[in-house]
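Okay, structure first, notes after.
The values are calculated or read from the model by the stated rules, or taken from the named source; none is laboratory data. Given the structure is predicted, the values throughout are model-derived calculations rather than measurements. Virtual Cβ from ideal backbone geometry, glycine too; neighbours counted across all protein chains shown.
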Amino acid sequence: MTAQQLDSTGRLRHLLTLEGMPRPVLEGLLDQAQACHDSAIGRTTDRREVLAGTAVCTLFFEPSTRTRSSFTLAAQRLGADVMSFDASTSSAKKGETDTDTLRNLEAMGVRGFVIRHPDDGAVARLAATVKPETCLLNAGDGRSGHPTQGLLDMLTIRQAKGTDFSALKVMIVGDVKHSRVARTDLHALRTLGAGEIRVCGPANLLPDDDTLAGCTVGDDLDAMIEGVDVLMMLRLQHERMSEGLVPSLEAYHARWGLNAERLRRAAPDAIVMHPGPINRGVEVTDEVADGPQSWILRQVANGVAVRMAALQAVLG
Ligand code: NCD
């Protein structure tokens, strides 16, 4: 996949994964996102010409709130013509394959596709079928990857803690096993040289493959939170309860939920992050989610800037 997303000169052709992305490419995207900040939040309109005349389609085969709307806004703020395709109201319902849907939109002259898909590796599979001038951006595929979420998380950490991650203690909490966000963040944190990565959650929700190589892993949040600089809380996916993997929301919250008292054990200036959607009172209490150490809404704002940088990198 790494080879597939870079062209022969090392330029980003598609955005498929952060796994194996060279550090200068990753840092270049973060720098570019930081430079897009003012136009991302609508303070300036100086980037409206960047993708003028370029058609971009958000092609979502799974639900989304933040990712889809921020990609749409990002493309609009770069001046692109943006259209949106929703699998639940389209010919996908009539049995059209994803490849045919993509080819049809490509025939209309769409050059950029932002794709979310329930299957692992689906965006890379589709990338192998498109015309040379067509670019795909992965907006989340199965449990594998969510590169723009990883980038916005790294941008948020940079803004809070600076660009040198080597002294940082970062902890990811929750259902890592089923989380494309966690997998993506782990790749990025390693590439950027995070000092220590801790992973905490119920044993049956932690992956048993090499996903956690090099991390400190455990299930005791009260002990592991000691001195942590960055807390990345993951959504507890309700479907895990019906699978019997979590006894109850209350039991989960009691052991792995973040409340103000637990947060006091982390470093005094620790930041709290969450990719959304939040289950309030499960992963984090209202007091923490809305408190002074929460960077959750800044993550959302950074999502627009990062997606502008990513669209510009592949299509500009
Ligand atoms: C995440 C996703 O869909 O992967 N949401 C998001 O994009 N911010 C996380 C989740 O749904 O748990």
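Going by the structure shown, is L297 surrounded by fewer than 22 Cβ atoms within 10 Å (Cβ to Cβ), free of Cβ contacts under 8 Å to residues at least 40 places away in the same chain and closer than 30 Å to F113 by Cα? Before the answer, list the steps.
Values: surrounded by fewer than 22 Cβ atoms within 10 Å (Cβ to Cβ): yes; free of Cβ contacts under 8 Å to residues at least 40 places away in the same chain: yes; closer than 30 Å to F113 by Cα: yes.
Spelling it out, L297 is indeed surrounded by fewer than 22 Cβ atoms within 10 Å (Cβ to Cβ), free of Cβ contacts under 8 Å to residues at least 40 places away in the same chain and closer than 30 Å to F113 by Cα.
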Among the residues of the stretch 142-161 satisfying the criterion of being within 12 Å of the ligand (Cβ to nearest atom) and among the hydroxyl-bearing types (S, T, Y), which is modelled with the lowest pLDDT? S144
Looking only at the stretch 126-180, and only at residues there that are of a type in the set (D, E) and under 19 Å from the mean Cα position of the chain (by Cα), the one that is surrounded by the fewest Cβ atoms within 10 Å (Cβ to Cβ): D175
If we scan the stretch 80-90, do we find a residue that is part of a loop (DSSP other than H, G, I, E, B) and under 23 Å from the mean Cα position of the chain (by Cα)? yes
I need the full set of residues from the stretch 87-119 which are within 16 Å of the ligand (Cβ to nearest atom) and either among the hydrophobic types (A, V, I, L, M, F, W, C) or in contact with a strand residue (DSSP E or B) (Cβ under 6 Å, 6 or more places away or on another chain) (or both), in order please. A87, V114, I115, R116, H117
Inside the stretch 208-234, can you point out the residues that are assigned to a loop (DSSP other than H, G, I, E, B), surrounded by 19 or more Cβ atoms within 10 Å (Cβ to Cβ) and not β-branched (V, I, T)? C215, D229, L234
Matching residues in the stretch 238-291 - criterion: being of a type in the set (A, V, I, L, M) and within 16 Å of the ligand (Cβ to nearest atom): M241, L245, V246, L249, L258, V272, M273, I278, V282, V284, A289
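Is it the case, given these coordinates, that A188 is touching a residue at least 60 places away in the same chain (Cβ under 8 Å), assigned to a helix (DSSP H, G or I) and away from the ligand (no atom under 14 Å from the Cβ)? Working first, answer last.
Details: touching a residue at least 60 places away in the same chain (Cβ under 8 Å): yes; assigned to a helix (DSSP H, G or I): yes; away from the ligand (no atom under 14 Å from the Cβ): yes.
Here the answer is yes, as A188 does meet what is asked.
May I ask you to list the residues in the stretch 46-69 that are among the polar types (S, T, N, Q) and away from the ligand (no atom under 16 Å from the Cβ)?
First, the residues of the stretch 46-69 that are among the polar types (S, T, N, Q): 54, 58, 64-65, 67, 69.
Residue satisfying the conditions is T54 alone.
How many residues are away from the ligand (no atom under 11 Å from the Cβ), assigned to a loop (DSSP other than H, G, I, E, B) and out of contact with any Ser or Thr (no Cβ under 8 Å at 6 or more places or on another chain) when one looks only at the stretch 162-176?
First, the residues of the stretch 162-176 that are away from the ligand (no atom under 11 Å from the Cβ): 162-173, 176.
Retained after the next criterion (residues that are assigned to a loop (DSSP other than H, G, I, E, B)): 162-168, 176.
This time we only want the ones that are out of contact with any Ser or Thr (no Cβ under 8 Å at 6 or more places or on another chain), so: 162-168.
So the answer is 7.
Restricting the stretch 20-47 to residues that are assigned to a loop (DSSP other than H, G, I, E, B) and buried (at least 17 other Cβ atoms within 10 Å of the Cβ), which is farthest from the chain's Cα centre (by Cα)? I'd like the intermediate steps shown before the answer.
Keep residues of the stretch 20-47 that are assigned to a loop (DSSP other than H, G, I, E, B), which gives 20-22, 36, 41-47.
Remaining after also requiring buried (at least 17 other Cβ atoms within 10 Å of the Cβ): 21, 36, 47.
Details: M21: 15, C36: 18, R47: 23 Å.
For the stretch 20-47, the residue satisfying everything is R47.
Surrounded by fewer than 21 Cβ atoms within 10 Å (Cβ to Cβ) and in contact with a helix residue (DSSP H, G or I) (Cβ under 9 Å, 6 or more places away or on another chain): does that describe D100? Spell out how you get there, then give the answer.
On the way: surrounded by fewer than 21 Cβ atoms within 10 Å (Cβ to Cβ): yes; in contact with a helix residue (DSSP H, G or I) (Cβ under 9 Å, 6 or more places away or on another chain): yes.
Yes; evaluated as a whole, the condition is true for this residue.
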When the stretch 70-83 is checked residue by residue, the ones that are within 16 Å of the ligand (Cβ to nearest atom) and either aromatic (F, W, Y) or touching a Leu at 6+ places or on another chain (Cβ under 9 Å) (or both) are S70, F71, A74
